[in-house]
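FYI, it's all coordinate maths here, none of it is from the lab. As the structure is a computational prediction, the values presented were derived from the model and not from experiment. Here the Cβ is made from the backbone with ideal geometry for all residues, glycine too, and neighbour counts use every protein chain on show.
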Amino acid sequence: MNALANTQVGSYVNEHFVATFVKVGTFTVANGNKQGGNVASYFCLSDGTVLHAIAGPVNADTFLKEARWAVETRKLAMFHANGDGRAYQNALLRAHADRLTQEHGIPVYDLYRAWSTNLNLRMQSSFDSFAVQRGGHGHGHGKDAGGNLARMHLLLYSSPGIKVERVYQYVFEKVLGEKISTLPVVQK
């Protein structure tokens, strides 16, 4: 599922984003193939504000759909906000809420939004609400792309304007079930 190796995805990413990567987990490279680890992709503004995210590997079509959604949603939010920061933020919140409701069947407009000011408690509250509505445990392990996409929309709905440096560890450990590690890549 190497979506970034797809020519169409690569062209779109090169046209609309500045791409970078940070290794936060541990894995092994054997015979030129990566073994273990996981991936999360973030669509951010230049200041690190996360507009959208993908937790776990997805195919090229899904990656391209999500990248286009991030770009077009931002354009639409800017258009409707006309320079009003609060209206811009509300437009982004509505966009995430619409995807949750329409594509994942989660009626977020009915969710109680009295989250704690503590980021981890607020995010956990969102995932717990998701789990209750889905009858599951609420945490993906990279095998449920649809569920993880819903979790990212819920996260960004519940934590508007969050910076990537405040959320990446939570996504990697709680959503993907991986551990953050500074250990080097093992070459075999």
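What FRET efficiency do you get for Glu103 and Lys179 if R0 is 35 Å and r is their Cβ-Cβ distance, rounded to the nearest 0.05?
The computed FRET efficiency comes out at 0.70.
In the structure shown, do any of Lys65/Lys163; Lys65/Lys188; Lys75/Lys163 have a Cα-Cα gap over 27 Å, and if so which?
Those over the limit are Lys65/Lys188.
Which order do peptides 159-171, 72-84, 53-65 fall in by mean Cβ count within 10 Å, highest first? Don't skip to the answer; put the middle values down first.
On the way: 159-171: 16.6, 72-84: 13.2, 53-65: 19.4.
Top of the packing list down: 53-65, 159-171, 72-84.
Evaluate E = 1/(1 + (r/R0)^6) for Asn59 and Phe17, where r is the Cβ-Cβ distance and R0 equals 25 Å; express this FRET efficiency to the nearest 0.05.
It comes to 0.85.
Counting other C-beta atoms within 10 Å, which of Ile180, Ile106 has the fewest, and how do the rest follow?
Numbers: Ile180 11, Ile106 21.
So the ranking, lowest neighbour count to highest, is Ile180, Ile106.
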